[in-house]
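Colleague: Have a look at this one.
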Amino acid sequence: MKSAALKVTYMEKRTAKASHKLKGKRQTYATYIYRVLRQVHPDTGISAKSMGIMNSSVGDMFERVASEAAKLSLYNKRRTITSREIQTAVRLLFAGELGKHAVSEGTESVAKCTRSK
């Protein structure tokens, strides 16, 4: 006879399957990192470990910019984060020349996107 500890009910199996299905896909920036790498250094590859580090870095910077932009929108008593808040957050977070370059690239991307619509 089976002991009570080893006995698994139908509902436990069902909830285990349901929670397994809910995991879904994990968001990653690997495709975009690889595209940029191809533009900058076409003959250079990247290891899986390095890609993981780059993915973590990009995700961290995304969180920082989004958090700072949210704070800025709250300071200005606005409920919407616009490109202006993003631009200011980037200027605050990225130092000197890197910040200027990031803002110019972002402005160019937004202009390109609005032209295509």
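Colleague: What number goes with the only condition from (1) open to solvent by less than 60 Å² (accessible area, probe 1.4 Å); (2) farther than 24 Å from Gln27 by Cα; (3) in contact (Cβ under 8 Å) with a residue 24 or more places away in the chain that Gly59 does not pass?
Modeller: Unmet condition: (2).
Colleague: Restricting to the range 41-56, give me the number of residues that are basic (Lys, Arg) and either surrounded by 12 or more Cβ atoms within 10 Å (Cβ to Cβ) or outside any helix (DSSP H, G or I) (or both). Talk me through it step by step, then tell me what you get.
Modeller: If we filter the range 41-56 for residues that are basic (Lys, Arg), which is where we start, we get 49.
Add one more test, that the residue is either surrounded by 12 or more Cβ atoms within 10 Å (Cβ to Cβ) or outside any helix (DSSP H, G or I) (or both), and what stays is none.
Residues flagged as basic (Lys, Arg) and either surrounded by 12 or more Cβ atoms within 10 Å (Cβ to Cβ) or outside any helix (DSSP H, G or I) (or both) within the range 41-56 amount to 0.
Colleague: Okay, moving on. Within the range 74-93, track down each residue that is under 17 Å from Glu108 (Cβ atoms) and either touching a Pro at 6+ places or on another chain (Cβ under 9 Å) or open to solvent by 100 Å² or more (accessible area, probe 1.4 Å) (or both).
Modeller: Passing the criteria: Arg84, Arg91.
Colleague: Here is a follow-up. Ile33 - would you say it is in contact (Cβ under 8 Å) with a residue 24 or more places away in the chain, open to solvent by less than 80 Å² (accessible area, probe 1.4 Å) and assigned to a helix (DSSP H, G or I)? Walk me through how you get there before you give the answer.
Modeller: Values: in contact (Cβ under 8 Å) with a residue 24 or more places away in the chain: yes; open to solvent by less than 80 Å² (accessible area, probe 1.4 Å): yes; assigned to a helix (DSSP H, G or I): yes.
Considered against the rule, which asks whether it is in contact (Cβ under 8 Å) with a residue 24 or more places away in the chain, open to solvent by less than 80 Å² (accessible area, probe 1.4 Å) and assigned to a helix (DSSP H, G or I), Ile33 comes out as yes.
Matching residues to (1) more than 15 Å from the chain's Cα centre (by Cα); (2) of a type in the set (Val, Ile, Thr):
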| site | (1), (2) |
| --- | --- |
| Lys49 | yes, no |
| Met61 | no, no |
| Arg84 | yes, no |
| Ala102 | yes, no |
| Glu105 | yes, no |
| Val110 | yes, yes |
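The values are calculated or read from the model by the stated rules, or taken from the named source; none is laboratory data. The structure presented is a predicted model; accordingly, all values stated were derived computationally and were not measured. Cβ atoms come from the backbone with ideal geometry, glycine included; neighbour counts cover every protein chain shown. Areas reflect the complete protein model, heavy atoms only, side chains present, ligands, DNA and RNA absent. Shrake-Rupley method; radii C 1.70, N 1.55, O 1.52, S 1.80 Å.
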